[in-house]
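Colleague: Right, I'll just put the structure down here and ask away after.
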Amino acid sequence: MRDVWGFFAYKRELPARRARRDRNLGGPISTEPRINERIRVPEVRLVGPNGEQVGIVSIHDALKLAQEADLDLVEVAATARPPVCKLMDYGKFKYESAMKAREARKNQAHTIIKEIKLRPKIDPHDYETKKGHVVRFLKAGDKVKVTIMFRGREQSRPELGFRLLQRLAEDVTELGFVESQPKQDGRNMIMVIGPHKKKAEAKAEKAAARAQRGGEEPSAGEEPSAQEG
């Protein structure tokens, strides 16, 4: 009840008083470094644009050097005593940092866990089909979760599922390894196979193979065809 009355009391405050009160609570913490006149310390340890050590200078002299060089004074180590500042083109620095981060995200590849489900008494044709899926997933650098589903009386014969998982692991041993050994989970038995190649390596090899086959870049306005690897 006190919180409700507090809310109404806050709403009844004069706007100017409420604004002053909210300012005292502080705002979001900025992750941007302080630059130029925002650096409010008497002296700094200055680093030149090429990494050379200038030494400890007054903030006034550091700002003057930055202005003469048509550069920014950027605080790079705020907790040091005195703070470390560097002369640089801050706009160019931010742009290059953003481009590097974007390129890193673009090249980053995440391993995906695919799942294949089998029955303990699977027929040979279905087994070869399922194994083909596992092979394709591993070649693409993905992990494979293999699940054996037991029904009815099959639950009393877990060794059938265990032998089937062992057979599958041996059949794809050149492409993957058993990351998680077979274990019973209720009516199912689960095993995880991890790829020998990382996702990024698999993508690079796929791109190289496509280029070797003489694939051409799609023309402007033409969408590349989707290929599953």
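The values are calculated or read from the model by the stated rules, or taken from the named source; none is laboratory data. Quantities reported herein were computed from a predicted structural model and do not represent experimental measurements. Note that we place each Cβ from the backbone using ideal geometry, even for glycine, and neighbour counts take in every protein chain shown. Each accessible area value is taken on the protein alone, full model and side chains, heavy atoms only, with ligands, DNA and RNA left out. Shrake-Rupley method; radii C 1.70, N 1.55, O 1.52, S 1.80 Å.
Colleague: Starting from region 28-92, pick out the trypsin sites (Lys or Arg not before Pro) whose DSSP state is loop and whose Cβ has at most 11 other Cβ atoms within 10 Å.
Modeller: Details: sites: ARG34, ARG38, ARG40, ARG45, LYS64, LYS86, LYS92; in loops: ARG34, ARG40.
Counting only loop positions with at most 11 other Cβ atoms within 10 Å, the trypsin sites (Lys or Arg not before Pro) in region 28-92 are ARG40.
Colleague: State whether region 113-174 is rounded, prolate or oblate according to the following rule on the C-alpha gyration tensor (a ≥ b ≥ c being the square roots of its eigenvalues): a/c under 1.5 gives rounded; otherwise a/b larger than b/c gives prolate, and the remaining case gives oblate.
Modeller: Working: a/c = 2.06, a/b = 1.93, b/c = 1.07.
Prolate, because a/c is 1.5 or more and a/b exceeds b/c.
Colleague: So what are the ³J(HN,Hα) numbers for region 157-167, from phi and the Karplus equation (6.51, -1.76, 1.60; θ = phi - 60°), rounded to whole Hz, Gly and Pro as x?
Modeller: After applying 6.51 cos²θ - 1.76 cosθ + 1.60, I find 10, x, 5, 5, x, 5, 5, 5, 5, 4, 4 Hz.
Colleague: Mind giving me the FRET efficiency for LYS131 and ALA101? R0 is 35 Å, r the Cβ-Cβ distance, nearest 0.05 is fine.
Modeller: On the way: r = 40 Å, r/R0 = 1.15.
Calculated value: 0.30.
Colleague: Which FRET efficiency value, to the nearest 0.05, do you get for GLU154 and LYS114 by plugging their Cβ-Cβ distance into 1/(1 + (r/R0)^6) with R0 = 25 Å?
Modeller: Working: r = 24 Å, r/R0 = 0.96.
So the FRET efficiency works out to roughly 0.55.
Colleague: In nanometres, what is the gap between the two model label sites at HIS60 and LYS198, each 7 Å from Cα along Cα-to-Cβ?
Modeller: Going by the 7 Å Cα→Cβ label model, 5.3 nm.
Colleague: Now, a different point. So which lysines can LYS106 reach, going by Cα to Cα under 25 Å and dropping same-chain residues fewer than 8 places off?
Modeller: Leaving aside lysines fewer than 8 places away in the same chain, those within reach of LYS106 are LYS92, LYS94, LYS114, LYS139, LYS143, LYS197, LYS198, LYS199, LYS203, LYS206.
Colleague: What full-extension length gain, to one decimal in nm, is calculated for THR31 and GLN53 as 0.36 nm per residue of separation minus the Cα-Cα distance?
Modeller: Values: separation 22, 0.36 × 22 = 7.92 nm, distance 2.53 nm.
So the extension gain works out to 5.4 nm.
Colleague: Next question. Any idea of SER97's accessible area? Nearest 10 Å², probe 1.4 Å.
Modeller: Rounded to the nearest 10, that gives 50 Å².
Colleague: What FRET efficiency would be calculated for the residue pair GLN212, LYS94, taking the C-beta separation as r and a Förster radius of 30 Å, to the nearest 0.05?
Modeller: Working: r = 39 Å, r/R0 = 1.31.
After rounding, the FRET efficiency stands at 0.15.
Colleague: Among rounded, prolate and oblate, which fits region 27-186 when a ≥ b ≥ c are the square roots of the eigenvalues of its C-alpha gyration tensor, a/c under 1.5 means rounded, and a/b larger than b/c means prolate? Mind showing how you got there, number by number?
Modeller: Values: a/c = 5.19, a/b = 3.96, b/c = 1.31.
Prolate, since a/c reaches 1.5 and a/b exceeds b/c.
Colleague: Students sometimes get this wrong: rank THR79, THR129 by accessible area, probe 1.4 Å, all chains present, largest first. Show your work: numbers first, answer last.
Modeller: Values: THR79 125, THR129 65 Å².
Largest accessible area first, the residues go THR79, THR129.
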